[in-house]
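Single-structure report; data block below.
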Amino acid sequence: MASLTNIRIALIQMTVGKNKLENVARARKMISEAKQKGCNLVVLPECFNSPYGTKYFGEYSEEIPNGETCIALSKAAKENEVFLVGGSIPEKDNGKLFNTCTIWNPQGSLVGKYSKIHLFDIDIPGGVTFKESDSLSPGKNISVIDVGACKIGIGICYDLRFHELATIYKDLGVDLLLYPGAFNMTTGPLHWEHLIKARAVDNQVFAAGICGARDDSADYVAWGHSVLIDPWGKVVSKAGAEETTLIADIDLNVCKAIREQIPIRKQRRTDLYETLYKGKVQEGRKNCVISIRSGL
């Protein structure tokens, strides 16, 4: 596990119901099954322990890292000796709620967390109306996690639409972007895969969207179709709508080759434009204030 140049990743597209204990138990079972198939990096979907909806976030929220879901994730990572990206759960912190992803190493230690920074507030006539800000607060920092030789950047669902976030991650040396999500039946068919491809190609990285399985009886129906895209924009693996686990091998040498063949990172006109990050970057358990300018 010390030098993961080649990664076997599992994207878990699981069914999420209203029973938190059952949701967490299902996640643990699917994590174990992924380990049995040789995976060393496992990723869960957004809100995997809770139905997706503002009326549920408060009821299902927990403190991190001492809540029951985090305790279960820590045990699952340690028992299976995998890096575990815990999709997201509703987090309770100082009287506020956040949509937060936790990241665990094979020893079961929390090595990073990321709270969704762009809240899903939209109104599409004839489609979907949703306002996360009715209950959630936005995060303020980004998170870069070292998984052996690979650096991973995390976004959650709606964050996928903001290319600046992916650009900042690229400048921090990320090779793999992970977006636990819950795109709906309006935007999912139109935008989900296109946006993941755009983030991969624009930044010459692998990018994955990890969605919950579709449940037509749910208040909010997720699109499903979890997918992994390579830096060329090719689909490595893609799911349908049903509960499943996508397993794929990631060769980081592909990133290096593409960056040498099409050297856009060296060709950016930073004398004319730049992307400036003003927040904090969490690397492992350390927070540091930095200024990142695209291409520098």
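The values are calculated or read from the model by the stated rules, or taken from the named source; none is laboratory data. The shown structure was predicted, so the numbers you read here are calculated from the model rather than taken from an experiment. Cβ placement follows ideal geometry from the backbone for every residue including glycine, while neighbour counts extend to all protein chains displayed. The protein model used for the area step is the full one, side chains on, heavy atoms only, and it has no ligands, DNA or RNA in it. Shrake-Rupley method; radii C 1.70, N 1.55, O 1.52, S 1.80 Å.
Here is how the numbers come out for the structure above:
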quantity: Hits in segment 109-123 - residues which are open to solvent by less than 10 Å² (accessible area, probe 1.4 Å) and in contact with a Lys or Arg (Cβ under 9 Å, 6 or more places away or on another chain); calculated: GLY112
quantity: Considering residues of segment 58-101 that are over 16 Å from ILE154 (Cβ atoms) and among the polar types (S, T, N, Q) only, the residue surrounded by the fewest Cβ atoms within 10 Å (Cβ to Cβ); calculated: ASN94
quantity: Top-ranked residue of segment 124-151 - restricted to ones that are over 30 Å from GLN204 (Cα atoms), in contact with an Asp or Glu (Cβ under 8 Å, 6 or more places away or on another chain) and at pLDDT 85 or above, ranked as least open to solvent (accessible area, probe 1.4 Å); calculated: GLU132
quantity: For ASN23: the one exception among (1) surrounded by fewer than 20 Cβ atoms within 10 Å (Cβ to Cβ); (2) farther than 17 Å from ILE156 by Cβ; calculated: (1)
quantity: Qualifying residue in segment 158-172 (condition: small (Gly, Ala, Ser) and surrounded by fewer than 24 Cβ atoms within 10 Å (Cβ to Cβ)); calculated: no
quantity: Scan of segment 102-117 for residues that are within 15 Å of ASP159 (Cβ to Cβ) and either without any contact (Cβ under 8 Å) to a residue 60 or more places away in the chain or aromatic (Phe, Trp, Tyr) (or both), ordered by number; calculated: TYR114, SER115, LYS116, ILE117
quantity: Elements of type strands (runs of 3 or more DSSP E) in segment 100-141, at least 3 residues being closer than 15 Å to PRO180 by Cα; calculated: 110-115
quantity: Selected residue (criterion: surrounded by the most Cβ atoms within 10 Å (Cβ to Cβ)) from residues of segment 236-258 that are aliphatic (A, V, I, L, M) and under 19 Å from THR187 (Cα atoms); calculated: ALA239
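To keep it simple, each residue is scored yes or no on (1) of a type outside the set (A, V, I, L, M); (2) closer than 18 Å to ILE247 by Cα.
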| site | (1), (2) |
| --- | --- |
| THR167 | yes, no |
| ALA182 | no, no |
| MET185 | no, no |
| LEU190 | no, no |
| LEU195 | no, no |
| GLY209 | yes, yes |
| TYR220 | yes, no |
